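Worksheet: one structure, shown below.
The values are calculated or read from the model by the stated rules, or taken from the named source; none is laboratory data. This is a predicted model, so every value here is computed, not measured. Cβ atoms come from the backbone with ideal geometry, glycine included; neighbour counts cover every protein chain shown. With ligands, DNA and RNA removed, areas are computed over all heavy atoms of the protein, side chains included. Shrake-Rupley method; radii C 1.70, N 1.55, O 1.52, S 1.80 Å.
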Amino acid sequence: MQYFVVMIDYGRRGREAIVDPEVTRREVVSRIASGEYGHISFIHEIADSTVEDVTEEILAEAALPAIESREADLQADRFDHLRDLRKHEPV
């Protein structure tokens, strides 16, 4: 039997261990990515009679991919600025 223990820390309100043998690794990752699980203290994988700390691995899997910012179109910004100046010049 294999299952995961996700320990969530609520600060002064205490901690909660979420243990559900039906939840797979993929489900734990998706719950972290969706924000359902937050403020995680640790994640342990229990398999047979062994316990393994898989916190870093699962948090890395759940991390959102880095999206590169597109470069600013400086020429378009300049044209927009010039157009705005023309709109406000005295007639």
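Quick rundown of the values:
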quantity: Convex hull (Cα only) mean projected area of the chain, reported in nm² to one decimal; calculated: 11.0
quantity: Percent RCO, i.e. relative contact order, over the chain, from Cα pairs under 8 Å lying at least 6 residues apart; calculated: 26
quantity: Theoretical ellipticity at 222 nm over the chain - DSSP helices of four or more residues, -39500 (n - 2.57) apiece, nearest 500; calculated: -11000 deg cm²/dmol
quantity: Simple Cβ-charge dipole of the chain, Lys/Arg +1 and Asp/Glu -1, about Cα centre, in debye nearest 20; calculated: 580
quantity: Neighbour cut-off at most 14 other Cβ (10 Å), DSSP loop, GluC sites (Glu not before Pro), the stretch 1-56; calculated: 22, 36
quantity: Cα-projected label distance for residue 79 with residue 17, points at 7 Å along beta-carbon direction, nm; calculated: 6.3
quantity: Residue 24 - accessible surface, heavy atoms, 1.4 Å probe, Å² rounded to 10; calculated: 80
quantity: Given charges at Cβ of Lys, Arg, Asp, Glu: the chain dipole, positive-most of 35, 90, 51; calculated: 90
